[in-house]
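This report refers to the structure that appears directly beneath it.
The values are calculated or read from the model by the stated rules, or taken from the named source; none is laboratory data. The model shown is predicted, which means the values in this text are computed figures rather than measured ones. So basically every Cβ, Gly included, is an ideal-geometry build from the backbone, and we count neighbours across all protein chains shown. Quick note on the areas: whole protein, heavy atoms, side chains included, nothing else; ligands and nucleic acids left out. Shrake-Rupley method; radii C 1.70, N 1.55, O 1.52, S 1.80 Å.
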Amino acid sequence: FNREYIEPKAHRYFMVADPVAISIKGAPQKEAHILLHPDHPEQGVRTLLGTGNVLIAQEDFKRLGEGYLHRLMDYGNLRLEGKTFRWISGEYEEYKNAADQGKIIHWVPKESKLNIEVMMDNGQKLQGVGEEALSCAAEGEIIQLERMFFVRVGQKEKNLIRCWYLHR
């Protein structure tokens, strides 16, 4: 029942756990405008600047297979060729219609300095880097870390936001 109540109100943000930096050869500098909630455009948008140098989660990095067209959410498509990531295009339709469709993953600009710490339900702390727009979330606000889970924003410090895990 919590999910039904919280889901329509919770803004979405990217957090990259255990970040890995990648450089994408040929990637343009491009603003990615992403809805705070995919079903409620009236809630507004957030903007991330893609420059070809991004952070992705270690778990995603391990899953990016060679020979597939992968997508960085709302930024663009890329391929892994050997150890090189190559920019293919910014068009979602190209990814959507690809016969060799790979993974869609979230990301944050490599320059992001906002550290995120999530106290999990098992007492462990999950560490990562979040998109700068997350710094606008209010203490006590419930948000969704995209592709991960819902959290309550706890203590906010200069370059650190502590959150509490709620549920998937």
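Any idea which of 87, 77, 104 is furthest toward the positive side of the dipole for segment 65-124, if Lys and Arg beta-carbons carry +1 and Asp and Glu beta-carbons -1?
It is 87, whose Cα lies furthest towards the positive end.
Using Rg/Rh (Cα atoms, Kirkwood Rh) as the read-out, say which of [x] 1.11; [y] 0.97; [z] 0.93 was calculated from these coordinates.
[y]
With a 10 Å radius around each residue's Cβ, average the other Cβ atoms per peptide and rank 107-115, 40-48, highest first. Don't skip to the end; give the middle numbers.
Numbers: 107-115: 18.9, 40-48: 13.4.
Listed from highest to lowest mean packing, they are 107-115, 40-48.
What whole-number value in Å² describes the accessible area per residue of the chain for a 1.4 Å probe? Working shown, then result.
On the way: 8980 Å² over 168 residues.
In whole numbers, the chain has 53 Å² accessible per residue.
Based on Cβ point charges of +1 for Lys and Arg and -1 for Asp and Glu, what charge dipole magnitude is obtained for the chain about its Cα centre, in debye rounded to the nearest 20? Show your work: numbers first, answer last.
Values: 23 positive and 24 negative charges, 83 e Å.
Taking the Cα centre of the chain as origin, the dipole is about 400 debye.
Could you please state how large a percent of the accessible area of the chain is carbon and sulfur, counting protein chains only and using a 1.4 Å probe?
On the way: 4390 of 8980 Å².
Carbon with sulfur: 49 percent of the solvent-accessible area.
Which whole-number percentage describes the relative contact order of segment 16-168, with Cα contacts under 8 Å and a sequence gap of 6 or more? Intermediate values should be presented prior to the final figure.
On the way: 332 pairs, mean separation 30.2, N = 153.
Computed value for segment 16-168: 20 percent relative contact order.
How large is the charge dipole for segment 26-110, taken about the Cα centre, if only the Cβ atoms of Lys, Arg (+1) and Asp, Glu (-1) carry charge, to the nearest 20 debye?
Working: 11 positive and 12 negative charges, 77 e Å.
With Lys and Arg at +1 and Asp and Glu at -1, about 360 debye.
Springs between alpha-carbon atoms under 10 Å, Gaussian network over the chain: tell me which of 55, 36, 126 tops the mean-square fluctuations.
Checking each option, the largest mean-square fluctuation is seen for 126.
Return the whole-Å distance between the Cα centroid of segment 58-85 and the Cα centroid of segment 109-156.
24 Å
Helix-derived [θ] at 222 nm for the chain: sum -39500 (n - 2.57) over DSSP H runs of at least 4, divide by residue count, nearest 500?
On the way: 3 runs with 16 residues, N = 168.
That calculation yields -2000 deg cm²/dmol at 222 nm.
Gain in length, residue 62 to residue 43, computed as 0.36 nm per residue apart minus the alpha-carbon separation, to one decimal in nm? If you can, show how the numbers build up before the last one.
On the way: separation 19, 0.36 × 19 = 6.84 nm, distance 3.39 nm.
Here the segment from residue 62 to residue 43 would lengthen by 3.4 nm.
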